[in-house]
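Everything on this sheet refers to the single structure shown next.
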Amino acid sequence: RLEDPRISVRLGVIDSCRGGAWTGTKGLQPAPLFDVSAAGALNNVGSALIAASSGVEDAHESEQLGGSFFTHHFNAGLRGAADENSDRRVSLGEAFEYAKALTIRDTALMASATQHPSFRMNLQGRQDLPLTNLERGESWMSLSQDAGPLQVVHLHSGMVLVELPSGTRAARVALPPGRYLVRRRADGRIYAKEYQVPGG
């Protein structure tokens with residue numbers, strides 16, 4: 001699928017153990033139903049592969065997150081948390097750097113071994129590849145912080161959907177309608193406020 005000549009830009013996101021095998025010596029291995037073995041060379045202009053781990057690491061999951069650390073943070077980044085330059089668009093580079101930093105942090109704190117997301121890109125002629133446009137969201141929350149980090153918790157499920165890293169930040173975050181808790185931990189205390197995000 002990644003070699004299909006009808007596609008001008010190809011993006012593969014692999015969240016599996018030893019997914020970033022291009023960092024090792026043997027490259028990617030074929031998998032049932034979705035063969036990516038030919039993509040290891042990445043000879044096609046406009047190709048990018050993102051992996052949740054390096055070629056020798058396990059990709060960790062969290063019961064608290066209901067899935068993998070990397071996919072959770074990558075999705076949060078696409079919602080707007082990774083919009084580093086506040087242009088209301090999230091690029092591939094922004095989403096990857098956001099997910100990488102938080103995946104390394106969380107797996108260093110909670111897993112038996114730290115996980116290091118990796119990438120291999122050949123996006124000739126482009127500054128960066130935009131993945132999401134936050135102007136098109138039907139409902140969203142505008143966050144502004146002086147210090148952070150702020151977390152947005154979906155109250156119905158209890159899931160932390162978005163986390164803004166520490167530092168001065170402003171972000172528009174696409175969220176489904178519902179009740180949310182915005183919280184910040186500092187000096188051993190938790191500061192929080194509840195918000196309702198209406199549709200539209």
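Bear in mind these aren't lab numbers, they're just calculated from the coordinates by the rules spelled out. The shown structure was predicted, so the numbers you read here are calculated from the model rather than taken from an experiment. Neighbour counts run over all protein chains shown; Cβ positions are idealised from the backbone, glycine included.
Some values worked out for this structure:
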quantity	calculated
Approximate spin-label separation residue 168-residue 185, in nm, with each point projected 7 Å along Cα-to-Cβ	2.6 nm
Per-selection Rg to Rh, region 144-200 - Cα, Kirkwood hydrodynamic radius	0.96
Residues in region 185-200 reached by a label modelled at residue 88 [backbone nitrogen below 17 Å; 7 Å Cα→Cβ]	200
